[in-house]
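Structure, as C-alpha cells:
The values are calculated or read from the model by the stated rules, or taken from the named source; none is laboratory data. Keep in mind that what you see is a predicted model, and the values were worked out from it rather than measured. Here Cβ is always computed from backbone atoms with ideal geometry, including for glycine, and neighbour counts include all displayed protein chains. Please note that ligands, DNA and RNA were not included when accessible areas were found on the heavy atoms of the full protein model with its side chains. Shrake-Rupley method; radii C 1.70, N 1.55, O 1.52, S 1.80 Å.
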Amino acid sequence: MTNHLAAETSPYLLQHAANPVDWYPWGEEALARAAAEHKPILLSIGYAACHWCHVMAHESFEDEETAALMNRWFINVKVDREERPDIDSIYMAAVTSMTGHGGWPMTVFLTPQGKPFFCGTYFPREPRYGMPSFSQLLSGIAEAWEKRQDEVQRSAEQVTRHLQDAVLPPVSGAQSSRTLQPELLEHAVRELEKLFDTEWGGFSAAPKFPQPMVLEFLLREHLRTGAAAPLRMVHLTLQGMAQGGVCDQLGGGFARYSTDREWLVPHFEKMLYDNAQLARIYLRAWQVSGDIFLRRVAEETLDYILREMRHSDGGFYSSQDADSEGVEGKFFVWSAAQVRAALGADADLFMRIHGVTDAGNWEGSNILRRVRSVADAAAAVGMSENQAAESLNRSRQTLFQLRSQRVWPGLDDKVLTAWNGLALSALAEAGRVLGRADYLAAATANAEFLRRELRRSDGRLQRSWKAGSGARYMAYLEDHACLAEGLLALYEASFESRWYDWAEDLAGLMLRHFKDPQGPGFYDTADDHEQLIHRPRDLQDNAMPSGNARAAMVLFRLGLYSGEANFLQAAAEAVAAQNESMRRYPTAFGEWLNVAAFMLGGPRELALAGALDTLAPMRAVVNEAWRPGLVVAAGMFGGANQVPLLRDRPLVKGQPSAYLCRNFTCQAPVTDPQALRQLLSAP
C-alpha cells in the first residue's frame, strides 16, 4: 500500500510512502482537494535525519487507528523542510508565535486556504509530558472545525496577518542611526562574553549547538583588534567540540548538536551544512592560532565528507541519520567489552584516552570522547608518546573497520544547492590553504556538477537533485548566495575566471528576482515563486547562515572585485538595516556581524598580475594566513574573460606584480614576495 508520496524523490517523503495515512506532497492536488471537500489540512514537516520525526511516525503515522482519524477528518500533507525551506519558514514562524518554541516534527493545522489556526511539534501516541495524545488532538481539532468554524477562521486570519506583518521591510529611523560603527562589533563581543561557557565553550547550557558563524565573527575581531578574549572563546569551543562525543572520534565529522553542556551526548545525525561550516572554521582557527590539532580536525571532517557524503558525479548528500536498526546512536557507541575484544593489548591506552568504562557514559554504553591527552595516557601505561600515538592510530583504524560492518544509519541522498555551496567553499579554501590537490579537485568537480545538473538552460538555479530523478524546485535566495560564495572561494583557489563569472551571474539573479523593491534586503523566494500565504524573509541565522546575510557578503565581495556600485549599495543597505538586531541578538546574527566586520575592517583588493605558474611565490604569501578582509584576483593583464580587478594591472618590467588596493586606490605595485608580505602585514 502506498499513498501520494510514492512518486516523490525526497528520502524523507519516501519514508512515509507506505504509511496508512493518505499523505499528499505539498501542491495543487492537495490544496484543491481541501478546498473541494472543505476540510482542514494537517501539515506535517520534518526531515530524514530527525530522530523525533521517526518516533512520531512509528507511534502515530504507522498506526492504522490513528491514520483512520487523520484520513477521515483532514487532508494530510507531508513536507521535507530541506526541499521546501519556504514552507518550513512560514509555518515555523506560526508555531513559534503561537507556542513560544519550535522544532521538528512540526505539526500545523491549516484552513483549506493554507492559513494556520493550531500549531505544535511532536505529539505522543498516549498522553504524556503534559501533552494530549495525538488522537485526542485530532478529535479536538476536528470538533472545533465542525462546531466553531467561524471562530477557527477568524483565528487563522489573525495569525496570517501577524505573519505577514512580520516580513514587512524594516522601518528605519534617521539614516545616521543605521550607520555602521566599530562600536557595534565591540558591543557584540561583550555580549557574547556574557553568554560564553568558560568551562566547556559554546554560548548556552544545554542543548548546545555549533555556531560557526559566531565563531568566525570572533576570529575576525581578534584579528581586527588584537584582543585575546575572542580567540580564547573560539579556541575553547572548538577544542571542547572536537574532544567531545559530538565529534565522531573514529570517522571524523560532527553530529548535529549536543544534548548536554559538555559536548558529550549528541543527537547523532550528521548534516552536510554543519560539517562544511565546521571544517572551514577549524581551518581558519588553525591559521590564526597555529594549533595543529585544529588543522587535523578540519582535514578529518573534510575527509569524512568526501568518504561518506559524496555522490560519484560530484554532488554532496544532505545527511546521515541518527538511528540505525531503529535505535538512536547504535552505530556509534561501544561497550567496554567490545573495545577490549577488538583491541587486545591496545585497549587499555585507548580506553584511558577516550573515557571508555564498563559502566559507560550513556545508557550503559560509551560515546567516545577524548578525556586524556596521548602524553598523559602514555605515562600512565608506561609507553613513550610515539608508541602511544602509534597504538592509538592502530586502534582507531581497527574500530573504524569493525564499525563499518554494522548496519549503517540511513542516508538522505538528495543534493541541495545551498548546502553544496557550503561544502564547495570549505573544500576550495582548504585546497588552497593546505595545498591539497584532492580537495581542490573535489571542489571543482562539485562546481561542475552543480552547473551541469542544477542550473537550467536559462541560467536559473534549482534547489534539489536526486540520482535517477534529476533536479526539481526553483532555488531560493540561500541557494544563490551560498553557491556564489563557494564559487568565489573556488575562484581564489584556482583563478579560473569561469567561476567568478558564474558568481557574478548569480548576484545579478539575486538582485533581479529576490531584492525587495520597497526597501533594503531580500526575500527568500523569487518574484516568480509559487504564491503562498506570504513571501518569507528569514533574517536570522539558524544552522545555516541567513540567506540575506550571505547575499550581502557575496555582493560586497563582488563589489570589491568589480567596483559595481549596485552590488556595494545593496550590501551596505541590507547590513545597515540589521544594525539594531546585531546589537541585541549577536548569537542569531553572526553572519550579519561577519559582513559588518568585513565592511568596517578596512577591506582590501589584491591583483596579482602574471601567468599563474609565475605567481606561485606570491600566492604562497597570500595563503600563509587567514586574511578575512582581502579579495584576490590573479592572471595576465589583458587576458580573455578577465576579472575586473585585473584590468589595467600590467606587469612591472616584465615581472609578476602585486597591486594592493584599498577602496579602489592602489599602492605602488611590488614584484618581490617579501615586499608583498610586508604590505599585507601593514594595518
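Assorted remarks:
- Candidate residues Tyr257, Tyr659: accessible-area rank, largest first, probe 1.4 Å: Tyr257, Tyr659
- For peptides 505-518, 79-92, sequence by mean Cβ density within 10 Å, most packed first: 79-92, 505-518
- Shape call, region 183-283: gyration tensor on alpha carbons, a/c limit 1.5: prolate
- The chain shape via C-alpha gyration tensor axes, a/c threshold 1.5: oblate
- Pairwise label distance in nanometres, Thr96 with Ser335, each label 7 Å out on the Cα-Cβ vector: 4.3
- Neighbours of Ala607 by Cβ distance under 11 Å: Lys/Arg scored +1, Asp/Glu scored -1, total +1.
- 1.4 Å probe accessible area per residue over the chain, in Å²: 38
- Nearby aspartates and glutamates by direct alpha-carbon distance to Lys330 (threshold 16 angstrom, same-chain neighbours under 8 apart not counted): Asp248, Glu269, Asp321, Glu363
- Cross-link partners of Lys115 among lysines (Cα-Cα below 30 Å; sequence separation of 8 or more within a chain): Lys39, Lys78, Lys147, Lys414, Lys515
- Extension gain for Asn663 to Glu580 (0.36 nm times residue separation, less C-alpha to C-alpha distance): 27.3 nm.
- Annotation: peptides 575-586, 146-157, 455-466, ranked by per-residue average of other Cβ atoms within 10 Å with the highest first, follow the order 575-586, 455-466, 146-157.
- When the square roots of the Cα gyration tensor eigenvalues are ordered a ≥ b ≥ c, the ratio a/c for region 204-257 is 1.5 or more and a/b exceeds b/c, which makes its shape prolate.
- Fully extending the segment from Gln149 to Gln401 would add 84.8 nm, taking 0.36 nm per residue of separation and subtracting the current Cα-Cα distance.
- Extension gain from His58 to Arg190, taking 0.36 nm per residue of separation minus the Cα-Cα distance: 43.0 nm
- Packing-based ranking of 159-165, 423-429 yields 423-429, 159-165, ordered from highest to lowest mean Cβ neighbour count within 10 Å.
- The simple Förster model, with R0 at 41 Å and r as the Cβ-Cβ distance, assigns Arg296 and Thr2 a FRET efficiency of 0.30.
- Cut-off 19 Å (backbone N to label point 7 Å along Cα→Cβ of Glu157), residues of region 531-546: 533-534
- Separation of the Ala437 and Ala616 label points, Cα + 7 Å toward Cβ, nm: 1.1
- Rounded percent of accessible protein surface that carbon and sulfur make up, the chain, 1.4 Å probe: 50
- Ordered from highest to lowest accessible area with the whole protein assembly present and a 1.4 Å probe, Ser10, Ser384 read as Ser384, Ser10.
- Using a Förster distance of 45 Å, the FRET efficiency for Ala18-Trp362 (Cβ separation, nearest 0.05): 0.90
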